[in-house]
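Here, each number is a calculation from the coordinates, and none is a lab measurement. This structure is a prediction, so every number in the text was calculated from the model and none was measured. A quick note on method: Cβ atoms are made from the backbone with ideal geometry, for glycine too, and the neighbour counts reach across all protein chains shown.
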Amino acid sequence: MRVLEVFGICVVALLALLFAIFFRRRLLRLGGGTIRLQVRTNTMVPGRGWAPGLGQFVGDELRFHKMFSLAIRPKRVLDRRLLAIAERRLPTGPERLTMPGHWVILRCATGDVQLEIAMAETTVTGFLSWLEAGPPRDPGSVPGRPIFGPRPLES
C-alpha cells in the first residue's frame, strides 16, 4: 500500500507541474503580442543548443520566455534600439530536425553580443516590421551610407 501512495503523490506532483507550465504559457499569451520562436542558447555543438519559447513584444523590447519553465521573468530581453539583423538563413544539418521546415534563422547583434533566433517565415515579416518601426536612432550611432556609388575609402 505504501508504494501506491508514493506513486500517487508523484503522479499528482507531475500533473501539478504540467498544469503550472501550461497555465504560465496561457498567462503570457493573454497579454497579446506573442510569437513562437527559438533562441540558440549554446553554440558549443554546431546545429544544437536551441531553446523553444515565446517572444513577447512589450514596448521597445522583445522578451523571450522559455517554453518549459516556471520562471515569470524572461530568460532574455532584446532591445529594439540596439538590435540589428546580420544574416538570414534556412536551418541546416541537425537544425532541420529541431525546428519546422518553414522557419528562418536570424543572426542578430545587440551591441557586442551575437545571438541567433529562429521563427516562422511569416513571423519574420512582422518581426522585421516591428524592428524598423522603432523610434529614430541617435544620428551619431549609425554610420551613414553613400547615396550613389561605392563607399569611399578611409585613409
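Largest GNM mean-square fluctuation across VAL39, VAL11, VAL124, computed for the chain with C-alpha springs under 10 Å, falls on VAL11. Relative to the longest principal axis of the Cα atoms of the chain, helix 2-30 runs at roughly 30 degrees.
Between 0 and 90 degrees, the angle of helix 121-132 with respect to the longest Cα principal axis of the chain falls at about 60 degrees.
Listing ASP79, ASP112 from the residue with the fewest other Cβ atoms within 10 Å to the one with the most, what is the order? Display every interim value, and only then the final one.
Working: ASP79 13, ASP112 5.
By the 10 Å Cβ count, ascending: ASP112, ASP79.
For the stretch 38-101, the relative contact order is 24 percent, taking Cα pairs closer than 8 Å that sit 6 or more residues apart in sequence and dividing their mean separation by the residue count. Once the cut-off is 28 Å, how many percent of the Cα-Cα pairs in the chain end up in the long-distance tail? When all Cα pairs of the chain are counted, 36 percent exceed 28 Å. As an exercise, identify the chymotrypsin sites (Phe, Trp or Tyr not before Pro) in the stretch 49-112 lying in DSSP coil whose Cβ has no more than 15 other Cβ atoms within 10 Å. Those that pass, being in a loop and sparsely packed, are PHE68. Under the classification rounded if a/c is under 1.5, otherwise prolate if a/b is larger than b/c and oblate if not, where does the stretch 1-67 fall, given a ≥ b ≥ c as square roots of the Cα gyration tensor eigenvalues? Here the stretch 1-67 falls in the oblate category.
Calculated mean residue ellipticity at 222 nm for the chain: -9500 deg cm²/dmol, from DSSP H runs with n ≥ 4 weighted as -39500 (n - 2.57), summed, divided by the residue count and rounded to 500.
3J(HN,Hα) along the stretch 38-47: 10, 10, 7, 9, 9, 10, 5, 10, x, x Hz, from the Karplus curve 6.51 cos²θ - 1.76 cosθ + 1.60 with θ = phi - 60°, whole Hz, x for Gly and Pro.
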